[in-house]
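Note sheet for the following structure.
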Amino acid sequence: MIVFLVEDIKATTSVALFHALAKKKIECIVITEPSDTCISLGYFDNANRFLDFNYCKIHNIPIIRRYTGGGTVLLHKDQIFYQFVFSKSNKTIPFKMENVYKYFSNIVIDVYKNLGINVSYKPIADIVLNDKKISGQGAGDIENMLVFVGNILMDFDFDTMANVVSYIKDKESFKNMLREHITTIRKEGLNIGKNDIIKAFLDVLKKKFDKLETIPLPNEILELTKEIEKELTSWDVITEDTGKKHEAFKIKEDYFIDPITLRKIDL
């Protein structure tokens, strides 16, 4: 199994990367930390309904739309992102999507446990610590390849996350709500850095997969990634009307709020 350790890569480039790897049919695992900040829209997100484009422009926060599920994600330094890219014909991967989430989440849970953090899986997309989200994940089918992506939160910029969401007006209450339901390694007071996380990840992967090979990212993949990045950050792609209404904001699994009242609602 190929592992790409990718450093000093723009946030939007890191999102485009797993699309390029899927397009090239390369089964691999990517571990990366973005060098800057961006907004990554989920495949079905309707940015016109909830995203503050003016705030993003003023603060130089680029936007990209990915072709995997999950909601809008804020990428920035101090987050370690993992990308699993596998052929859908690979017999070691479960067929049903709910089992796909569980399969890959268990790998990430083992990484946390290697770091001494007792997390658990909350279906379908979250890894939680004391019922607070510490990893968000998403999956999708790109070029007939299964792509599963997620992050380990060393830290999180709650202020920026609250400000990029336009249809929630009470920013202070929203920030407090985010802090109440999302945690990070630093927020938990743990002295764990990027290198510790990468080492723990590699240790787990060595036990899980045969013949693990860590290699540099080939130039041809990076070139294709840049082409895809241009497409996925284009205005037409970002502002595509997906039909999604965004009548609720998802903070974590099983916790949705009304964007006007900030009250929890059941869906």
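Quick note: the coordinates plus some simple rules give every number you see, no bench work behind them. No experiment lies behind these values; they were computed from the predicted model shown. Please note: Cβ atoms are built from the backbone with ideal geometry, for glycine as well, and neighbour counts cover all protein chains shown.
Annotations for the structure displayed:
- Whether the range 185-224 is rounded, prolate or oblate, judged on the alpha carbon gyration tensor where a/c under 1.5 counts as rounded: oblate
- Positive dipole terminus of the chain, leading residue within 234, 142, 164 (C-beta point charges): 142
- If you run the Gaussian network model on the chain, springs between alpha carbon atoms under 10 Å, then out of 59, 76, 19 the most flexible one is 59.
- Cα gyration tensor shape of the range 1-89, rounded if a/c is under 1.5, else prolate or oblate by comparing a/b with b/c: oblate
- Result for the chain in a Gaussian network model with C-alpha springs under 10 Å: among 135, 87, 14, the largest mean-square fluctuation is at 87.
- For the chain, hydrophobic long helices are taken as DSSP H runs at least 18 Å long by C-alpha position along their axis with mean Kyte-Doolittle hydropathy of -1.0 or more; these are 11-23, 97-114, 194-208, 219-232.
- Here the chain is assigned +1 on the Cβ of each Lys and Arg and -1 on the Cβ of each Asp and Glu. Its dipole about the Cα centre then comes out at about 500 debye.
- Cα gyration tensor shape of the range 70-140, rounded if a/c is under 1.5, else prolate or oblate by comparing a/b with b/c: prolate
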